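The values are calculated or read from the model by the stated rules, or taken from the named source; none is laboratory data. Since this is a predicted model, take the numbers as computed values, not measurements. All Cβ positions, even for glycine, are placed from backbone atoms using ideal geometry, and neighbour counts span all protein chains on display. Calculation scope for accessible area: heavy atoms of the full protein, side chains included, ligands and nucleic acids excluded. Shrake-Rupley method; radii C 1.70, N 1.55, O 1.52, S 1.80 Å.
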Amino acid sequence: MNFTSNRVGQIPPYLFAEINKKKAEMLKAGIDIIDLGIGDPDLPTPKHIVDKLAEESQDPKNLKYPSFVGCPEFKQAVANFYQREYGVILDPDTEVLALIGSKEGIAHIVPTLVDPGDYVLIPDPSYPVYRMATLLANGQYHNMPLTKENSFKPDFEAIPSEILGHSKLMFLNYPGNPTSATVDVSFFEKAVAFGKKHNIPIAHDSAYNMVTFDFYKAPSILEVEGAKEIAVEFGSLSKTYSMTGFRIGYVVGNKEIIKALSVLKSNTDTGQFTPIQKAAAYALNGNQSCVTEYNGIYKERMKAMLDGLKSIGIKVDPPKGSFFIWAPVPNGYTSSEFVTSVLEQTGVIITPGTAFGPSGEGYFRVSLSVPTERLYEAVNRIKEKLKIVMS
Ligand SMILES: Cc1ncc(COP(=O)(O)O)c(C=O)c1O
């Protein structure tokens, strides 16, 4: 018997399922696994945020159904954050919506804007949820290839006009997962002009907006004059404050899109637990030294891993943001062959580039999710066990 809808049936098996199965077997066999596959780093949520969650959980008023658009304190904190970081003024009532993690909003914006058969323009490689949400909405996606040659930025002019005419949404993501590519505001100016010209709303995913290094500051798409006419921006507390388990994010920008998304959401979920929203507001409004500290740790890890990869012949330009390294696979391997060999021979988990779309072939992703000593250990194991030849 098959009870599954065609919509769900068409979704390919979870890409990490095979790796997770192997990981479980190897752990059972007592092998010391170094997991550089997941985007969920080991750094703890700063104590002041956890304490605030505990405190707010004591107030009985906070234990009732939450407001499904987000509590006023959280929406105001997001507006404060945009004013402080980008000089962008947001109306917390109409231009900010709380999400149960940004993934939830990213998945729900697709059926909010896309009818069956419509196209969604998707960076390739990218976060798989853009693609899967499109399939679940019975939409179609058009991959916009991101390559080293185009600095991992889509070539808008290369999108065929017949697809443009049927496109209802474009996703962008900088600093990018998995490529770790970054942009300056002039890229967003081009994107906004393109979106307006073709009447295609833009959803910019800024999950890694505050995970940046040295003097680089990742811009918001909303810094572009008139961006609110066509764009929304998704944000998350998961990465900035190591709050992945809290499940709290937001979407800001175009009022109509936010209103439409809130209609869908109000019939789907009932918002995030109020103490979590209040702890998140506290994180956004409070002392930001934890962000500087964590970025310092990621930068040190980044340097260690880049040096390690270089010592085995794999050269990557130092990223200015995100905690990922997007590296070319050695000669003689496909992405998936390389990742499988590394796992089987060294117990190190990395992610094949093809997990993020066809243009990911020839690459693998390293997540800086473990301490520096373990990164060195991972490289040493690869150096000892695998023959690496780069062209
Ligand atoms: C590019 C990108 N966007 C969004 C998310 C979702 O983050 P969250 O749902 O925790 O806010 C992730 C998580 O890995 C991500 O990598």
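When each of Thr354, Thr334, Thr340, Thr292 is tested for being of a type outside the set (Phe, Trp, Tyr), touching an Asp or Glu at 6+ places or on another chain (Cβ under 7 Å) and surrounded by fewer than 17 Cβ atoms within 10 Å (Cβ to Cβ), the lone residue that passes is Thr334. With respect to (1) touching a residue at least 24 places away in the same chain (Cβ under 8 Å); (2) more than 27 Å from Tyr86 (Cβ to Cβ); (3) more than 18 Å from the chain's Cα centre (by Cα), the lone exception for Pro145 is condition (3).
Yes/no per residue for (1) of a type in the set (D, E, K, R); (2) in contact with a Leu (Cβ under 9 Å, 6 or more places away or on another chain); (3) open to solvent by 10 Å² or more (accessible area, probe 1.4 Å); (4) within 14 Å of the ligand (Cβ to nearest atom):
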residue: Glu229; (1), (2), (3), (4): yes, no, yes, no
residue: Gly249; (1), (2), (3), (4): no, yes, no, yes
residue: Ile257; (1), (2), (3), (4): no, yes, yes, no
residue: Lys265; (1), (2), (3), (4): yes, yes, no, no
residue: Asp269; (1), (2), (3), (4): yes, no, yes, yes
residue: Pro275; (1), (2), (3), (4): no, yes, no, no
residue: Gly286; (1), (2), (3), (4): no, no, yes, no
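Taking the conditions exactly as written (at pLDDT below 95, over 16 Å from Gly357 (Cβ atoms) and surrounded by fewer than 23 Cβ atoms within 10 Å (Cβ to Cβ)), does Asp214 satisfy them or not? It is true that Asp214 is at pLDDT below 95, over 16 Å from Gly357 (Cβ atoms) and surrounded by fewer than 23 Cβ atoms within 10 Å (Cβ to Cβ). Every condition in (1) within 16 Å of the ligand (Cβ to nearest atom); (2) touching a strand residue (DSSP E or B) at 6+ places or on another chain (Cβ under 6 Å); (3) open to solvent by 60 Å² or more (accessible area, probe 1.4 Å); (4) not aromatic (Phe, Trp, Tyr) holds for Lys153 except the one numbered (2). Only one of the numbered conditions (1) closer than 23 Å to Gly39 by Cα; (2) touching a strand residue (DSSP E or B) at 6+ places or on another chain (Cβ under 8 Å); (3) not in a strand (DSSP E or B) is not met by Gly117, and that is (1). Scanning the range 363-391 for residues that are farther than 19 Å from Pro330 by Cα and hydrophobic (A, V, I, L, M, F, W, C), we see that the one that is most open to solvent (accessible area, probe 1.4 Å) is Val370.
Taking the range 98-150 as the range and being open to solvent by 10 Å² or more (accessible area, probe 1.4 Å), within 15 Å of the ligand (Cβ to nearest atom), β-branched (Val, Ile, Thr) and within 21 Å of Pro358 (Cα to Cα) as the test, only Val129 passes. Taken together, Ile276, Ile257 contain a single residue that is part of a helix (DSSP H, G or I), at pLDDT 95 or above and over 28 Å from Ser367 (Cα atoms), which is Ile257.
Could we say that Tyr216 is under 20 Å from Ser322 (Cβ atoms), touching a Lys or Arg at 6+ places or on another chain (Cβ under 6 Å), more than 16 Å from the ligand (Cβ to nearest atom) and outside any strand (DSSP E or B) here? Answer is yes for this residue.
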